[in-house]
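Accompanying notes for the structure given below.
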Ligand code: MN
């Protein structure tokens, strides 16, 4: 687990002065994305967010600004995908973070060099930050699992394995897109409860899922396991993740093998990856309630209990096409926090590799919908509308049980506490287009 060090010092300020004023990206954050300038046919490369600017890592690497391991990591960050940077592991990434922090600090002698390597965020576009070879989605909110279980199986909401084993399924990476993604309402096979036979048509119960995405760092080989206290050495960082879901398709298809076409038509990541090191001040203790089964030994450690969780505030907003036409901003649907998760990131990594499954840098682990303990903290419309029975009324009078065409979902995440700098994840924005059929 990464330790707090000089890069987290709340007193640090940057010569990029907009970073010092209520920004998601102060000098204590330093997240990575893949970007290029909009409207110019130039190469994608890595960038680091600082205030409202992007530090161009291709320029930094080429100018040989840093030495040693930091320079090697800067070269990896200059590529069109971040997989090589992720695979370098904790030490080299730590060296790069330290070098970036020192170079961007007020008073740095590198200011005049780096000043020429900044691009305003308003002038850039983003691509997927890495090649996502494999995508696995977990189910780590017991509140979400219980609420959804009640809707799908009223007599048996939480299955007996839930408290023993991190539940997950293998998704597809082919339809994961970056913020700004649009997609057509999926078409699928569904069966209404009172219908004799299923029918095929546009999804009627389209939903979002408010999730965190965990990117694998250092790769492992097939046959290798990852001990719980080493698990975070294999995690690079965290993004916001909207895992779109077609509830009517899901309800008909999910037994006995689990989610399939209800889940693989689109999923959207935020462009910025906040590194595990940046999150060091925002660790949370982990415990299952005393009355619940305790984690089996391979999923248990002192360190994981003490600080395995992450305290990340999450919020989900909607902007309907009607609101967009009137230039009304997105309105809040719910707030939650990643610390409510029933399993920690380390437990997910350790469990995933416990059978010898190879983990590769850039692989994405979805946390599962992060619903909190209260009904209003639900991370999906399925829960907020109680299975579509109770419509939500938006401030402009529009109502929703599930998503309508033109709806845009915005998710944000941030960390704040008294003795640390507030850091944010930016946002993930994506819009539903009408079905093509
Ligand atoms: Mn999901």
Restricting region 236-253 to residues that are part of a strand (DSSP E or B) and either out of contact with any strand residue (DSSP E or B) (no Cβ under 6 Å at 6 or more places or on another chain) or within 15 Å of the ligand (Cβ to nearest atom) (or both), the residue that is farthest from residue 152 (Cα to Cα)
239
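The rows are residues; the columns are (1) more than 15 Å from the chain's Cα centre (by Cα); (2) at positive phi; (3) part of a loop (DSSP other than H, G, I, E, B).
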residue	(1), (2), (3)
339	no, no, no
352	yes, no, no
370	no, no, yes
373	yes, no, yes
390	yes, no, yes
397	yes, yes, yes
405	yes, no, yes
414	no, no, no
423	no, no, no
Count, please, the residues in region 113-153 that happen to be free of Cβ contacts under 8 Å to residues at least 12 places away in the same chain and closer than 18 Å to residue 365 by Cβ.
0
Taking strands (runs of 3 or more DSSP E) that do not extend beyond region 154-234, which have at least 2 residues that are more than 20 Å from residue 137 (Cα to Cα) and either more than 16 Å from the ligand (Cβ to nearest atom) or without any contact (Cβ under 8 Å) to a residue 40 or more places away in the chain (or both)?
182-184, 187-190, 199-202
Only one of these conditions is not met by residue 260: (1) in contact with a helix residue (DSSP H, G or I) (Cβ under 7 Å, 6 or more places away or on another chain); (2) under 21 Å from residue 169 (Cα atoms); (3) crowded, with 18+ Cβ neighbours inside 10 Å. Which number is it?
(3)
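What do you reckon, is residue 261 in contact with a strand residue (DSSP E or B) (Cβ under 6 Å, 6 or more places away or on another chain) and in a loop (DSSP other than H, G, I, E, B)?
Working: in contact with a strand residue (DSSP E or B) (Cβ under 6 Å, 6 or more places away or on another chain): yes; in a loop (DSSP other than H, G, I, E, B): yes.
In short, yes.
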Among 388, 372, which is the only one that is out of contact with any helix residue (DSSP H, G or I) (no Cβ under 7 Å at 6 or more places or on another chain) and surrounded by 15 or more Cβ atoms within 10 Å (Cβ to Cβ)?
388
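In region 270-284, is there at least one residue being within 16 Å of the ligand (Cβ to nearest atom), buried (at least 24 other Cβ atoms within 10 Å of the Cβ) and closer than 20 Å to residue 368 by Cβ?
Initial filter on region 270-284 (within 16 Å of the ligand (Cβ to nearest atom)): 270.
After this cut, where a residue has to be buried (at least 24 other Cβ atoms within 10 Å of the Cβ) as well, the list is 270.
If we keep only those that are closer than 20 Å to residue 368 by Cβ too, we end up with 270.
Yes, region 270-284 contains a residue that is within 16 Å of the ligand (Cβ to nearest atom), buried (at least 24 other Cβ atoms within 10 Å of the Cβ) and closer than 20 Å to residue 368 by Cβ.
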Report the residue count in region 387-400 for those that are in contact (Cβ under 8 Å) with a residue 60 or more places away in the chain and more than 22 Å from residue 327 (Cα to Cα).
2
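Throughout, read-outs are computed from the coordinates displayed, never taken from laboratory work. Values in this document were obtained by computation on a predicted structure and should not be read as measured data. Backbone-built Cβ (ideal geometry, glycine too); neighbour counts: all protein chains shown.
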